[in-house]
Structure formats: structure tokens, C-alpha cells
Amino acid sequence: MAKKTKASEVEKGAPEAAGPLETPRMLEHYMKTVQPALGKALDRTNPHAIPRLEKIVVNMGVGVAVTEKKYLEEAINALTQVTGQKPVATLSKAAVSGFKLRENLPIGCKVTLRGRRMYEFLDRLVSLALPRVRDFRGLSSTAFDGHGNYSLGLSEQMVFPEINPDKYTRPQGMNITLVTSAKSDDEAKQFLRLMGVPLKKDGDEGAAA
């Protein structure tokens, strides 16, 4: 049985829960396995200096929402189901007459996950969603931004088992950014692999994803 702890110990800044909550499996894995292993590998004893996950940002761009607003509503509902958190609409920054796009028009949605929901989403992404991607052979090991953050894209939301394919018939892709406290991309890569993120081995980027 998973260890129980107060919500405030799992999610800093979250409202105090009425009772104890189970520690997310991925957070427990980090504390018991990843943190000690990284501390040893990086020769760091201060736990605050060891790379950790800070937040996950999930974004859906819905360009067709310019003419079909119902698809934005579908995307918002799907993202709510997938993340367990209500998304905010993202607005266009500029007007493009060729696409009938006006400034500040809702054309997507995004969610920023922290604490419990962040770890629970990562767990479902790694253990349930990615294995359902057709012909999946691992994630690119080069999709870092130079500051220890990693981004990946999914072509459709159906890989998440929470999504009912009879209700959401239009494929909707999403971008997922894992924001870490790592000081470099190499540290972040080591951290994510220990967390179970299936990154390809260095030098295997030529293989099909």
C-alpha cells in the first residue's frame, strides 16, 4: 500500500486536505529511488540541489476553433479529463487575415500541473499513454531546450485511456513540456530516464519513433 502523507507535504502551496492522501506512486519513486541515485551520481548531498520535476505544461492548439468553436470546447473537455484540472484558453497574439484570425481569439487551451496532479499525470503518460502510441520505440533524447526542460508532442488524445473514442471523434494533438530544476540538459536527461521516461539511447535518433 502506498505511503500516506498530508497533501501539504506532497503539493507545496496546495490547500490543506481534510484527511491524509496517498503519496503519488511517481513521487514515492523519486524520493526513494531517483533522488538517492542522482545524489550519488552527481556527488550532491543537499536534496534541494538534486534535479526534480517542477511543473508540467500541457498545451493543445486548436486552429480550427477560428471557424468551429465546438472543437475548442471538445479540446478543453478532453484536456480536463486527461489532466484532472480545468484548462485555460490560449489566445492568438496577432491577426492573420488569410486565416480569418483576429487578435485575442481563443485558438487553444493549456494546463499547468504541479504537485500531486503533476506526478499522477507523468505516471499515466509513461505507463499508459506512450505504450499505446502506434509503433512507439522511445522518445527523442535531443528535445531539450538547453535549460534542462524537455518537450514532446502527441498526435492525438486517444492514447489516454480516459478519453472515450465515441465521444471525441476528431484527433487532437498536444504538446507536453516537462520543466525540471536540472542545471543542464545532461542532468535532466539522467533524471528523466531514472523517472521512467522512455528516452532513446544517445545515438539511436535515426530509429523510427
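The values are calculated or read from the model by the stated rules, or taken from the named source; none is laboratory data. Being a predicted model, the structure only gives us computed values, none of them experimental. Here the Cβ is made from the backbone with ideal geometry for all residues, glycine too, and neighbour counts use every protein chain on show.
Of the numbered criteria (1) at positive phi; (2) modelled with pLDDT of 90 or more, the one Lys55 fails is (1).
Which count do you get for residues in region 149-172 that are surrounded by 14 or more Cβ atoms within 10 Å (Cβ to Cβ) and either on the phi > 0 side of the Ramachandran plot or not in a strand (DSSP E or B) (or both)?
At the first step, the residues of region 149-172 found to be surrounded by 14 or more Cβ atoms within 10 Å (Cβ to Cβ) are 149-152, 154, 156-160, 162-163, 168, 170, 172.
Next cut, either on the phi > 0 side of the Ramachandran plot or not in a strand (DSSP E or B) (or both) only: 149, 156-160, 162-163, 168, 170, 172.
Qualifying residue count, region 149-172: 11.
Tell me yes or no: at least one residue of region 132-141 is at pLDDT below 95, under 30 Å from Lys70 (Cα atoms) and part of a loop (DSSP other than H, G, I, E, B). Yes: region 132-141 contains one or more residues that are at pLDDT below 95, under 30 Å from Lys70 (Cα atoms) and part of a loop (DSSP other than H, G, I, E, B). Does region 113-148 hold any residues that are touching a residue at least 60 places away in the same chain (Cβ under 8 Å), under 18 Å from Lys201 (Cα atoms), in contact with a helix residue (DSSP H, G or I) (Cβ under 7 Å, 6 or more places away or on another chain) and surrounded by 15 or more Cβ atoms within 10 Å (Cβ to Cβ), and which are they? Result: Ser141, Gly148.
The numbered conditions (1) of a type outside the set (S, T, N, Q); (2) in contact with a Ser or Thr (Cβ under 9 Å, 6 or more places away or on another chain); (3) closer than 17 Å to Leu113 by Cα are all true for Phe160 except (2).
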